[in-house]
Amino acid sequence: MTEQLPIIHLRALEPEDLDSLYNIENDEDLWDVGVTNVPYSRFVLSAYIANSTADIYADRQVRLVIEDEHHCTVGLLDIFNFDPRHSRAEVGIVVAKRFRHRGYATAALLHAVDYSRKVCHLHQLYAIVDGDNAQSLHLFQKVGFTQTASLKNWLRVGDSYRDALLMQFFL
């Protein structure tokens, strides 16, 4: 990869992240690319932040804030559905609209791969991506994920269904 990527930091959620988390979780434009289809209250998100240990082995997930070099929040990265027996986890990423197309997602995903290999000692990361989401597919392929399966009618969007693609990265 020859593209110059921005400097980013991944860090645990802090109470001060409540507004950013609230805005991302309640962005209806993102509901079709995830499993959420209801708004979250500040109370619920505040409790999540307070109760999260940021330990993938305890919580079976870790949610990390993506910051730019000036410590401005640009998005979130989740490693979730952690399966310690099979040494794998799912990864999801969202970058705020005003920060997209600047390389933050690529940089964050590369950090997630490194973290998953060196800290979590995983065998693989995977993502389930809407087959119509060309930008996400391009991101995962650019980082080295490969498509290994097609899941027919996997995602419900409105009154129809879309295929999803299983993208895997073997560490």
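Quick note: the coordinates plus some simple rules give every number you see, no bench work behind them. No experiment lies behind these values; they were computed from the predicted model shown. Reconstructed Cβ throughout: ideal geometry from the backbone, glycine too, with neighbour counts over all protein chains shown.
General observations
- Here the simple spin-label model places points 7 Å from the Cα toward Cβ, and for Ala149 and Ala50 these points are separated by 3.9 nm.
- Residues Asp19 and Tyr161, FRET efficiency given R0 of 25 Å [Cβ-Cβ distance, rounded to 0.05]: 0.15
- Only aspartates and glutamates eight or more places from Lys118 in sequence, or on another chain, were considered; those with a Cα closer than 18 Å are Asp55, Asp78, Asp83, Glu90.
- Here the gap between Arg42 and His71, fully extended at 0.36 nm per residue and compared with their Cα-Cα distance, gives a gain of 8.2 nm.
- Whole-number percent relative contact order across the chain, with pairs defined as alpha carbons under 8 Å at least 6 apart: 19
- Highest-fluctuation residue, Tyr161, Tyr115, Tyr126 considered, GNM on the chain with Cα pairs under 10 Å: Tyr161
- Normalised per residue, the volume of the convex hull around the Cα set of the stretch 33-171 (Å³): 131
- Whole-number percent relative contact order across the stretch 91-170, with pairs defined as alpha carbons under 8 Å at least 6 apart: 30
- Helical content alone sets the calculated 222 nm signal of the chain at -8000 deg cm²/dmol, taking -39,500 (n - 2.57) per DSSP H segment of four or more residues and averaging over every residue.
- Computed over Cα pairs, the Kirkwood radius of the stretch 1-99 leads via Stokes-Einstein (0.692 mPa s, 37 °C) to a diffusion coefficient of 225 µm² per second.
- The stretch 126-171, relative contact order [Cα under 8 Å, separation at least 6], %: 48
- Percent antiparallel among DSSP beta bridges (both partners in the stretch 8-170, rounded to 5): 90
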